[in-house]
Protein chains: 2
Amino acid sequence: MNISEVAKRAGIPPKTIRYYEEIGLVAPPRDTNGYRAFRDSDMHKLAFLSRARALGFTIENCRTLLALWEDQDRASADVRRLARDHLTEIEAKIADLEEMRDTLSSLVKACAGDDRPDCPILKSLGDAPL
Amino acid sequence: MNISEVAKRAGIPPKTIRYYEEIGLVAPPRDTNGYRAFRDSDMHKLAFLSRARALGFTIENCRTLLALWEDQDRASADVRRLARDHLTEIEAKIADLEEMRDTLSSLVKACAGDDRPDCPILKSLGDAPL
DNA sequence: GCTTGACCTTCCAGTTACTGGAATCCCTAT
DNA sequence: ATAGGGATTCCAGTAACTGGAAGGTCAAGC
């Protein structure tokens, strides 16, 4: 299977797949013409990566997950820990963003948004408690 | 005022302040010894930047906001538009993260997390609908 | 057999917003 | 004179791609 076909099926751009090969996440063999010849196993790995990335796992965590996936003797506890840690990070990020959202949204509401210079947004950013 | 004092007051590391100078966000004059001599106006700018960054604005948006802040003839509509666009992006990010969180959290719940290899998390990542 | 266009390849550079580290200089106090 | 704690510059690295250039390959149509 050629790269564009794999890309379409896995939902990952060809460039990214080449990058994944470069950093050792996949290692498709080559045809005599130099083209990458993806096997089913490569395809499956890439689909796995696509989903893991969609859940926000870092590349390094994806690498670990992939290794666990391929290790028939893994302990599910290892997987779970990784996922839980990641979940915690996501929750922290959400909390940060929600705080930004709340502040920002109240500022936006308070701003007239007309052609006058008076602006609560800039005022709030400007009056620092030094 | 020396850089470490400014850093402390603005809540920005000295390295970051030097970086901000490098990209033209601030331009403190120099003492005869080559040290940056921050004026009050520099201090205020940095405090402004610190808050804008805390609200998640990109550096480029901060640059724009700073320019609007200093422009007495700005229209508040320009500020508001920028803030609203940013708010929209934040909301989108939150939505993405919430989806990740929900998926991840249900997977984590479903996983025993013991020493056996059976794992719904890996299973879910693995069974791609090709 | 040749051209055309769609693929494929590699390599280099750029993105965001810093951050770490090395080498060197400056100031103050003992 | 020396020791420490700052300050300076410059170089490199981070995460995860992405864009673009230069060039090789393949299948189809004439």
_For the pairs A:LYS8/A:LYS109; B:LYS93/B:LYS123; A:LYS15/B:LYS45; A:LYS8/B:LYS93, flag any whose C-alpha to C-alpha distance is greater than 32 Å._
A:LYS8/A:LYS109; A:LYS15/B:LYS45
*Please express the shape of the protein assembly as shown as an equivalent ellipsoid: the semi-axes are the square roots of 5 times the eigenvalues of the C-alpha gyration tensor, given largest first in whole angstrom.*
46, 22, 20
_Per residue solvent-accessible surface (Å²) - region A:76-130, probe of 1.4 Å_ = 56 Å²
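Contact order normalised by length for region B:1-74, with contacts defined as Cα pairs under 8 Å and 6 or more residues apart; what percent is it?
Values: 56 pairs, mean separation 20.9, N = 74.
Reported as a whole number, the value is 28 percent.
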*Rough spin-label spacing in nm, given labels placed 7 Å along Cα→Cβ, for A:ARG39 and B:ASP40*: 7.3 nm
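What is the Cα convex hull volume of chain B when expressed per residue in Å³?
Spread over its residues, the Cα hull of chain B gives 200 Å³ apiece.
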*Have a look at region A:76-130 and give its Rg and Dmax from the Cα atoms, expressed in angstrom.*
18.9, 61
*What does the charge dipole of the protein assembly as shown about its Cα centre add up to, to the nearest 20 debye, if the Cβ of each Lys and Arg holds +1 and the Cβ of each Asp and Glu holds -1?*
320 debye
*When only C-alpha pairs under 8 Å and at least 6 residues apart count, what is the relative contact order of chain B, in percent?*
15 percent
_What is the ratio of the Cα radius of gyration of region A:62-102 to 2.2 N^0.38 Å, with N the residue count, to two decimals?_
1.60
*Looking at the axis that maps chain A onto chain B, which chain A residue has the closest Cβ, and how far off is it in Å, rounded to a whole number?*
A:ILE94, 3
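Divide by every residue of chain A the summed helix terms, -39500 (n - 2.57) for each DSSP H run of at least 4, and state the resulting mean residue ellipticity at 222 nm, rounded to the nearest 500 deg cm²/dmol.
-21500 deg cm²/dmol
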*Treating the beta-carbon of each Lys and Arg as +1 and of each Asp and Glu as -1, no other charges, what is the dipole magnitude of region A:10-130 about its Cα centre, to the nearest 20 debye?*
440 debye
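Express the Stokes-Einstein translational diffusion coefficient of region B:7-62 in µm² s⁻¹, to the nearest whole number, given a Kirkwood radius over alpha-carbon pairs, 10 °C and a viscosity of 1.306 mPa s. Can you show the working numbers first?
Values: Rh = 11.6 Å.
Diffusion coefficient, whole number: 137 µm²/s.
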*May I ask for the angle, rounded to the nearest 10°, between helix B:59-70 and the longest principal axis of chain B, with both axes built from Cα atoms and the value confined to 0 to 90°?*
40 degrees
*Between B:VAL108, B:GLY11, B:ALA95, whose Cα lies farthest towards the positive end of the dipole of chain B when Lys and Arg beta carbons carry +1 and Asp and Glu beta carbons carry -1, centred on the Cα centre?*
B:GLY11
*Between chains A and B, what is the buried accessible area summed over both chains (1.4 Å probe, protein heavy atoms, nearest 100 Å²)?*
4800 Å²
*Which distances, in nm and shortest first, link the B:LYS109 label point to the same label point in every other copy, taking 7 Å along Cα→Cβ?*
3.1
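The values are calculated or read from the model by the stated rules, or taken from the named source; none is laboratory data. It should be emphasised that the depicted structure is a prediction, and the values quoted were computed from it without experimental measurement. Counting neighbours? That spans all protein chains shown, and the Cβs are built from the backbone with ideal geometry, glycine included. Note: accessible area is taken over every heavy atom of the protein model, side chains too, but ligands, DNA and RNA are not part of it. Shrake-Rupley method; radii C 1.70, N 1.55, O 1.52, S 1.80 Å.
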